[in-house]
Amino acid sequence: MLELRIGRTVIEFRFLFLAVLTLCFLVDETGIAVLGLLAGIMHECGHLIMVLITGYAPKRIAFEMTGIRMDQPQDGLSVGKETAVLLAGSLLNFTMAAVSFPIGWEAFGSVHLVLGILNLLPLKGLDGGKLLVLFFSRFTDLYQAENIVFIIQIVMNILLSTYCIYMFWHQHGNITLLIFCVYLWTSIWK
């Protein structure tokens, strides 16, 4: 693991992140991996900008195998500020998609659009799942809110996996959809 420190923020680059990144660049002939990486970094920058606007500095930014993760300071954010931070990543993706399509950058706009939508899905570890926990915790305790989101995630996983498997068989074996299914199910235990 490579670790840098900027002020009070620790930036970590995990080996598996670098390995998956290298594999993507070696295997991907379309350039979508590079566009996906740029869109992911811009998504996280949206979160980071909103965190800084709220007056906090992230404790840690980790580049991991499954993406980029930011840890909030221990004193946390208010529910309103945390909601704004969670929505900021997808909002930046949607803004970039809206800018990219009119100037002819359809692939870049599509990647941003897909990334923005995927991050709002009600899945644990994604912004949408965290937003649902915040929402349900207003009406019940945190433990029950997380259990409600867990049940929603199981239902979503079944629906998305069914769709991915169907598309795999009808799209001439696009392996990306099966990898996405595996990611969905492993994200439950993250």
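At-a-glance table
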quantity: Residue count for region 95-108, restricted to those that are more than 18 Å from Val34 (Cα to Cα) and in a helix (DSSP H, G or I); calculated: 3
quantity: Search result, residues across region 2-22 that are under 16 Å from Asp71 (Cβ atoms), loosely packed, with under 12 Cβ neighbours inside 10 Å and touching a strand residue (DSSP E or B) at 6+ places or on another chain (Cβ under 7 Å); calculated: Glu3, Leu4
quantity: Only listed residue being touching a Gly at 6+ places or on another chain (Cβ under 8 Å), within 25 Å of Ser187 (Cβ to Cβ) and not in a loop (DSSP other than H, G, I, E, B), chosen from Glu12, Glu82; calculated: Glu82
quantity: Pair list, Cβ < 8 Å and 6+ apart or interchain, from region 103-124 residues that are of a type in the set (Phe, Trp, Tyr) to residues that are open to solvent by less than 30 Å² (accessible area, probe 1.4 Å); calculated: Phe108/Ala39; Phe108/Ser100
quantity: Filter result (in a helix (DSSP H, G or I) and of a type in the set (A, V, I, L, M, F, W, C)) within region 109-134; calculated: Val111, Leu113, Val114, Leu115, Ile117, Leu118, Leu131, Leu132, Val133, Leu134
quantity: Any hit, region 19-41, residues being within 21 Å of Val149 (Cβ to Cβ) and not basic (Lys, Arg); calculated: no
quantity: Subset of region 24-42 (residues that are assigned to a loop (DSSP other than H, G, I, E, B) and either open to solvent by 80 Å² or more (accessible area, probe 1.4 Å) or under 14 Å from Leu92 (Cα atoms) (or both)); calculated: Glu29, Thr30
quantity: Region 6-15: number of residues that are more than 11 Å from Ile61 (Cβ to Cβ) and not hydrophobic (A, V, I, L, M, F, W, C); calculated: 3
quantity: Matching residues, region 139-174, being within 23 Å of Met70 (Cβ to Cβ) and open to solvent by 40 Å² or more (accessible area, probe 1.4 Å); calculated: Leu142, Glu146, Phe150
quantity: Cβ pairs under 6 Å, 6+ apart, first in region 138-156 and farther than 17 Å from Ser187 by Cα, second surrounded by 12 or more Cβ atoms within 10 Å (Cβ to Cβ); calculated: Ala145/Val133; Ala145/Phe136; Ala145/Ser137
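Conditions tested, residue by residue: (1) closer than 21 Å to Tyr183 by Cα; (2) out of contact with any Pro (no Cβ under 7 Å at 6 or more places or on another chain); (3) surrounded by fewer than 19 Cβ atoms within 10 Å (Cβ to Cβ).
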| position | (1), (2), (3) |
| --- | --- |
| Glu44 | yes, yes, no |
| Met50 | no, yes, no |
| Gly80 | no, yes, yes |
| Leu86 | yes, yes, no |
| Ala97 | no, yes, no |
| Ile103 | no, yes, yes |
| Val114 | yes, yes, yes |
| Gly125 | yes, yes, yes |
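The values are calculated or read from the model by the stated rules, or taken from the named source; none is laboratory data. Not measured: the values here are computed from a predicted model. Note: ideal-geometry Cβ built from the backbone for every residue, glycine included; neighbour counts use all protein chains shown. The protein model used for the area step is the full one, side chains on, heavy atoms only, and it has no ligands, DNA or RNA in it. Shrake-Rupley method; radii C 1.70, N 1.55, O 1.52, S 1.80 Å.
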